[in-house]
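These notes are about the structure you will find just below.
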Amino acid sequence: MKIGLHIADFTYPSGPAGLADDLTRVAVAAEEAGFARVSVMDHVWQIGVLGPPEHEMLEAYTTLGYLAARTSRVELLAWVTAVSYREPGMLAKLVSTLDVLSKGRAWLGIGAAWNGEEAAGLGLPFPSTAERFERLEETLRICLQMWSENDGPYQGTHYQLARTLNVPQPIRRPPILIGGGGEKKTLRLVARYAQACNLFAGPDLERKLEILRGHCEAEGRDYDEIEKTVLVQLDPGEHGEKIDDLLAQLRDLAALGVSHAHGWVPQVFQTERLELLGKEVVTPAAAM
């Protein structure tokens, strides 16, 4: 099992003036500790489970470009891109640019978006749930077309592109991770388009994976080629007192076929926690 770091909190003791240096320390520490991926949220306000909306939040793709210049091995992605916040042609270009400048380390993490409050606050598009899912599928098709030799037009219900020219192409075609556990739409899109799913480590995880398996059968897709990722809290405790419980949770997830645990670390600006996770969690998880 691989371990990834989700940077979801940007409110650090040094404040905005020290944020660039703090982010560098966190990302470099994660890479040196053996984390496989580093992600940021695609939100413009902080979300309620982590803090009030007035807390610091950085724009995702600007931040990922910055992190690409500060790291050399970790894969990079937004976990996950809100489909309605950017036009798909520009999104494909953003991820392509990230991949080229990171030398082949970009993923496209994407979902149907959910935070209507922040969208209304900043005037971002946020259509109905049904329309957002329609736009999600069209966006996936446009990205795949732009990451191919086909630079012809795209005519969809919601998007029309006259020429899908994308130069330079990514170093590698960015793998696609679709976030969410919706059983009728999201997991069907995973089976049809994605290299990875992302689910929560809850009591219904096993059932969600079986539903994904059913969608794979319907789509003629090999279930085993889809990477199963789960969001968890990577909390080792201040002195490592929670590590045994965390390892037990990871073993249970591995038994279900999960091969990547991705999560946030409390007070991540204290990089000693990342070093501790590297020694006590990342290494043993690799053998699960």
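Taken over region 211-262, the criterion of being polar (S, T, N, Q) and either more than 18 Å from Ala287 (Cβ to Cβ) or in contact with a Pro (Cβ under 6 Å, 6 or more places away or on another chain) (or both) is satisfied by Thr229, Gln233.
The condition of being under 26 Å from Val167 (Cα atoms) and surrounded by 21 or more Cβ atoms within 10 Å (Cβ to Cβ) holds for only one of Ala30, Ala69, Ala78, that being Ala78.
Name the single residue that is farthest from Pro127 (Cα to Cα) among those in region 153-164 being surrounded by fewer than 18 Cβ atoms within 10 Å (Cβ to Cβ) and touching a helix residue (DSSP H, G or I) at 6+ places or on another chain (Cβ under 8 Å). Spell out how you get there, then give the answer.
Keep residues of region 153-164 that are surrounded by fewer than 18 Cβ atoms within 10 Å (Cβ to Cβ), which gives 153, 155-160, 162-163.
Next, only the ones that are touching a helix residue (DSSP H, G or I) at 6+ places or on another chain (Cβ under 8 Å) stay: 156-159.
Working: Gly156: 16, Thr157: 14, His158: 11, Tyr159: 14 Å.
For region 153-164, the residue satisfying everything is Gly156.
Considering (1) closer than 30 Å to Ala254 by Cα; (2) open to solvent by 50 Å² or more (accessible area, probe 1.4 Å); (3) of a type outside the set (Phe, Trp, Tyr), the lone condition that Leu136 does not fulfil carries the number (2). Figure legend. Inter-residue proximity from region 71-84: first residues closer than 11 Å to Ala60 by Cα and touching a residue at least 60 places away in the same chain (Cβ under 8 Å), second residues open to solvent by less than 10 Å² (accessible area, probe 1.4 Å) and β-branched (Val, Ile, Thr), beta-carbon distance below 6 Å, spacing 6+ or different chains. Indicated pairs: Val80/Ile110.
The values are calculated or read from the model by the stated rules, or taken from the named source; none is laboratory data. Treat the numbers as computed from the prediction; the structure is a model and nothing was measured. Don't worry about glycine lacking a Cβ; one is built from the backbone with ideal geometry, like all the others, and counts go over all protein chains shown. Just the protein is used for accessible areas: all its heavy atoms, side chains included, with ligands, DNA and RNA removed. Shrake-Rupley method; radii C 1.70, N 1.55, O 1.52, S 1.80 Å.
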